[in-house]
Every structure is written in C-alpha cells, then in structure tokens.
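Data block below; observations after.
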Amino acid sequence: MAVIKKENPVEKAKRERDGLDCLDNIIAYARQGFGSIEEDDLNVRLRWYGLYTQRPAEDGYFMLRVKVPSGILSSLQLRTIGELSVQYARGTGDITTRQGIQFHYIRIDEVPAIFTRLESVGLTTSGACGDITRNITGCPLTGIDRNEFINTEPVIERVHRYFLDNREFSNLPRKFKITISGCPVYCTGHEINDIGLVALNGDNGVVFDLWVGGGLGAKERFGERLGVHVTEGEIARVCHHICGIFRDHGNRQSRALARLKFLMADWGAEKFRNELENCLGYKLTPGAAPKVPVSANRAHIGIFAQKQAGLSYVGAATTGGLLSGEQMIATANIADEFGGGRVRLTPTQNLILLDLPSEHADAAASRLAAIGLHVHPSIFRTGTIACTGTQFCKLAQTETKARADELISYLETALPEFRSPLRISVTGCPNSCAHYQICDIGLVGDFLNTTDGKVEAFRVYLGGHLGEGYKFGRKLKRKIVATEIKHYVEEISRGFVNGRISEAESFQDYIARHTTEELEALAPCTRAAAI
Ligand code: SF4
C-alpha cells in the first residue's frame, strides 16, 4: 500500500489560498484587530505583502519590508519611508542585503495607511517576503559608473514589473532571487542568487552571462554557469522560464530542500539548460565566463567621480545596516540640497547619494557624518554587515546589530592602523541573512553551555568571498562566547597583519594558505570557550 505523506503545512496554506489573495483580509484585520488574524495568514500568507511577526510574537507587532529594485530610491521615496518609520515604527529601519528597507513595531491596524503612503510614491511591499520572486538586486552605481557595460535600471524595472503581482509565479516552492549586474565589479552576488545575470562585452554588443541555482541559507551552494549569454531583450523571457521550471519541478515536500539550488544539484547545469531551451523553443547562444575581479571596491564608500562630467557620488557606511527614520529623512534632505535627489542602497547595507556637483561633495559628506553616516569610515565599519538578530527575529539565537556596533567600535580603537579590506558578518542564525559564508570572517549565532549556564555564542567561518576564485568560508570547530567575539576578531586580524607574506597579501589569501587546524590555533582567544 502506498504511503501517503502528510502535506507540508505551508504548501497546504498556499494551495488553499494564494499569498497574494490575502490583501482584502489585511484590510479586514486592520479593522478587527490582531486577534482576528487567521493562523495561516499570520504564519504564511501575510509574508507575500512583506509582513512578518516579530519577536515577541504575543505583542502583536510586525516587521514590514519594502522592496527597492536595484536599491534605486528618489529622495521623496526615502523621505516617505523615513516619515513612516517615525510615525509607525518607533523610528526603526534597516537596509537589507537585498537593497530593501525594513522596519519594526508595525501594528496591523496601521498597515492600510502605510500601504497607501508607499503606493503614493511608487513603492510596494508586494513580494518582499514569501515564496515568490523577491526584490531584484542590481548594481547600485548603474547609470553613473564610468566603467559599466550597460545601465541595468530599465531591464531591472521591466523584470520587476513583470513579476510584480503576477499570479502565474506567486506560489513557488520557496523564495526566488534574481540579480542583474551591469558593471565589471559585479558586486551584487550573482554566484549566490537563483538567477544571476552579469554583463560583459560580446561580439555584437553587451550580453549577460547566465548563472542559475545559487543560494546561501543553512545549506549554501554556488550557482552554476549555464555557459550561455543572453541579450538584454531576452532577459525577461529567460527569467520567466527559469522561474516556471522552479515552480513546476522544485521540491514541495520539504521546505529545507525546496530552493532552486537543490533542483540544480539534482539535475546539473546541462539538464537545466536543455530544459530551459525546450521551454524557450530555441538554443541559447554559448559564451565564455566573465572576468570577475576579487579585489575590486565593492563597498562604494567614499567620494568618486561619476561618468557625468562635474558630478560625483558619495557613498556612506551605516553601522550594520541600521538606518533610523530620522536618518532617512535627513539623508533625503541632503540629497535634495546638494544633488539631484537620487539615492541608492547597496547590497552591503550602505547608501550612496548621486549627482553631487564635485565641488560640493565634501560638504555633503560632512553633513552625512553629522547624522552618523560615515563617508570616510574605518575598514571595520565599511566591511561589517549584520542581520536582524534577537531584538526582532524569531529565529535568531544571538543579538547582532548592537553586537556589530560594539565590535566595530572596539576594533577601531584596538587596530587603528588596520588597512586591508575585511568583510565581517554578524549573523543571528544559520539562515544567513547576513551572508556569513561569503565574508572574510563569518560569525553565526549559536549557544554554548558554560559553568554559568547556557550563553549566547558564535560559530566561526573564515576566508569566504565572491569574485574570482569564489569560495565559502571554512567552518571552524570552535564556538566563541558572544561577549568575546571582539577579542577573537582582534586576535585573528592582528595575526593576519603580523603573519602575512607582504602588505599586498589579502586576508583571503592569508586564510587560504593555512590548514583548518592552523586556523583553529591562529587566534587562541583564551577568553573564548572552545568545544
Ligand atoms: Fe533572523 Fe537568522 Fe535571518 Fe538573522 S539570519 S535575520 S537571525 S533568520
């Protein structure tokens, strides 16, 4: 007799009602209160409109995520998000690693008014979370970068519009992430997206190299090149069919195995490409891999000339992505006062002001510094990213944002001469919203049993990076008590400065020439417990 498997509860909720069909319910819940929310809406469908219950759940507050395709914002849009944060979210705000903005303490009765305000300035939360195509990321310098192959803003807007509220793709097995990059630095992580499209010069103009099936989370996997190039005109059709293959062939029994990366692991690149070409009805054009630099400036922090003569852009670092409502409003005002009112969010949780007359860039940088956004920050402030952590995230094992702030301040004092680029991730759980596997030093939330009882701790990954020779960080056996990570990172950074072959050796190369056993011993960190 055949064994009938119990249906995955998320799949059941989605089958009974599509995630996009809960908008009317949201309006009704806003009138009737938090207690009226159906369980499947609360735990599943509200995510399709960017709403997640936040910790502690019983307080009835939500996190709300706003989509910002390619991180492109007008000052009006940023000011509006800032005003909403001040009015409804206790001034909270984070820039996410997908170039969106999320805020906290949202009450269900306030959601319709927030949606109306966002819509009035062309913003949406539809598809910001849930098993659907998420915010499409792209080069934050698109249209202004002197070396770019192509301005990707129009194609990203086209693909965003195509998938927005598209019920053909609103019930996918799991979330689905697309990035489209148009410059030779390739800072948007095509290697770790479900679809990565990266521009390069082909024989007959600019084309995009196609990568499929990347993703982080608890089981990281790099995407695979399908060995083909697609034109700008083909991109929407190719994304349509890859998303369709995922919808129809992805694993719907196990949420842990549902991402496209598992289908790719099962099929391999050749079978996937054949299936895609069958769907398209024609053969794709074979093409060579792009040259992706490992050491390029991917943070975009500082003052740089744009391709438009006489104009500069100013990139400013946040602290672990934190951007309060007041800072958003002030930033929008600075963007208007000094430039053309254009702002970009980066995948490293920082922001950029565009179109500043070059002679005014320093003055704008000073104004940003006065509101806590650093245009000339330390290596540590530039390179540290952090996820939400225990303050609001129900899955978190450790606090992250305040921990990142403390870590940055400590390292700035302890290692003032440190100059080598260094990316640090402070992530609250293995789900990897802060990309610990692809940072130089990845810290992942965990627990440790000590004589004082169970305490917050971090696991350590070393040497991960994207770009040429991309690799995931190596996982060490040890866990570090959370209060001691600043000492651990100091020791490992100091060991690098003293032990590198030359000043030109990167942290990644330094880590790569050590065995895992040597890495365990590199920073003994006597104050940290080891397992
Ligand atoms: Fe929450 Fe984990 Fe994501 Fe951090 S990585 S925001 S703790 S789910």
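Among the conditions (1) closer than 14 Å to L226 by Cα; (2) among the basic types (K, R); (3) surrounded by fewer than 16 Cβ atoms within 10 Å (Cβ to Cβ), the only one that K291 does not satisfy is (1).
Among the numbered conditions (1) in a helix (DSSP H, G or I); (2) away from the ligand (no atom under 16 Å from the Cβ), the only one that P421 does not meet is (1). The sole residue among R55, R79, R47 that is touching a helix residue (DSSP H, G or I) at 6+ places or on another chain (Cβ under 9 Å), open to solvent by 10 Å² or more (accessible area, probe 1.4 Å) and not in a helix (DSSP H, G or I) is R55.
Which residues, counting only those in the range 431-442, are within 8 Å of the ligand (Cβ to nearest atom) and either within 13 Å of T400 (Cα to Cα) or surrounded by 24 or more Cβ atoms within 10 Å (Cβ to Cβ) (or both)?
S432, C433, A434
Evaluated against (1) surrounded by 19 or more Cβ atoms within 10 Å (Cβ to Cβ); (2) more than 23 Å from A305 (Cβ to Cβ); (3) not basic (K, R), N333 falls short on exactly one condition, (1).
Candidates in the range 13-38 are the residues that are touching a helix residue (DSSP H, G or I) at 6+ places or on another chain (Cβ under 9 Å) and of a type in the set (D, E, K, R); of these, the one that is surrounded by the most Cβ atoms within 10 Å (Cβ to Cβ) is K14.
Limited to the range 134-165, what total is found for residues that are part of a loop (DSSP other than H, G, I, E, B), aliphatic (A, V, I, L, M) and open to solvent by less than 10 Å² (accessible area, probe 1.4 Å)? So that I can check it myself, show each step before the final result.
Going residue by residue through the range 134-165, those that are part of a loop (DSSP other than H, G, I, E, B) are 134-136, 139-152, 164-165.
Still in the list and also aliphatic (A, V, I, L, M): 136, 141, 144, 150, 164.
Still in the list and also open to solvent by less than 10 Å² (accessible area, probe 1.4 Å): 136, 141, 144.
Residues flagged as part of a loop (DSSP other than H, G, I, E, B), aliphatic (A, V, I, L, M) and open to solvent by less than 10 Å² (accessible area, probe 1.4 Å) within the range 134-165 amount to 3.
Taking the listed residues L415, L411, L373, L368, the one that is more than 16 Å from the ligand (Cβ to nearest atom) and in contact with a Phe, Trp or Tyr (Cβ under 7 Å, 6 or more places away or on another chain) is L411, with no other qualifying. The condition of being surrounded by fewer than 23 Cβ atoms within 10 Å (Cβ to Cβ), of a type in the set (G, A, S) and not in a helix (DSSP H, G or I) holds for only one of A199, A218, that being A218.
Here the range 100-133 is the region considered, the condition is being open to solvent by 40 Å² or more (accessible area, probe 1.4 Å) and not in a helix (DSSP H, G or I), and the residue that is nearest to L164 (Cα to Cα) is G122.
For the criterion of being of a type outside the set (A, V, I, L, M) and either under 14 Å from the mean Cα position of the chain (by Cα) or not assigned by TED's automatic domain parsing to the domain that holds D405 (or both), H465 fails. Filtering the range 166-196 to residues that are in a loop (DSSP other than H, G, I, E, B) and of a type in the set (D, E) leaves only D194. The residue that is surrounded by the fewest Cβ atoms within 10 Å (Cβ to Cβ), among those in the range 378-402 that are near the ligand (Cβ under 7 Å from one of its atoms) and of a type in the set (A, V, I, L, M), is L395.
To keep it simple, each residue is scored yes or no on (1) within 27 Å of H514 (Cα to Cα); (2) touching a residue at least 40 places away in the same chain (Cβ under 8 Å); (3) not assigned by TED's automatic domain parsing to the domain that holds S502.
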site: T388; (1), (2), (3): no, yes, no
site: Q391; (1), (2), (3): no, yes, no
site: Q397; (1), (2), (3): no, yes, no
site: R419; (1), (2), (3): yes, yes, no
site: V426; (1), (2), (3): yes, yes, no
site: C433; (1), (2), (3): no, yes, no
site: Q437; (1), (2), (3): yes, yes, no
site: V444; (1), (2), (3): yes, no, no
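Might you check whether a residue that is assigned to a helix (DSSP H, G or I), more than 16 Å from the ligand (Cβ to nearest atom), among the hydrophobic types (A, V, I, L, M, F, W, C) and open to solvent by 20 Å² or more (accessible area, probe 1.4 Å) occurs anywhere in the range 447-458? Looking through the range 447-458, none of the residues is assigned to a helix (DSSP H, G or I), more than 16 Å from the ligand (Cβ to nearest atom), among the hydrophobic types (A, V, I, L, M, F, W, C) and open to solvent by 20 Å² or more (accessible area, probe 1.4 Å). Selection of the range 199-216 for residues being under 21 Å from the mean Cα position of the chain (by Cα) and aromatic (F, W, Y) yields only W211. One residue alone among L351, L322, L356 is under 14 Å from I95 (Cβ atoms) and open to solvent by less than 10 Å² (accessible area, probe 1.4 Å), and that residue is L351.
Within the range 176-189, which residues are under 14 Å from the mean Cα position of the chain (by Cα), open to solvent by less than 10 Å² (accessible area, probe 1.4 Å) and at pLDDT below 95? The answer is G189, and nothing else. Here is the figure for the range 252-272: residues that are open to solvent by 60 Å² or more (accessible area, probe 1.4 Å) and more than 25 Å from the chain's Cα centre (by Cα) total 4.
The values are calculated or read from the model by the stated rules, or taken from the named source; none is laboratory data. What you are looking at is a predicted structure, and each value in this text was computed from that prediction instead of being measured. Neighbour counts run over all protein chains shown; Cβ positions are idealised from the backbone, glycine included. Please note that ligands, DNA and RNA were not included when accessible areas were found on the heavy atoms of the full protein model with its side chains. Shrake-Rupley method; radii C 1.70, N 1.55, O 1.52, S 1.80 Å.
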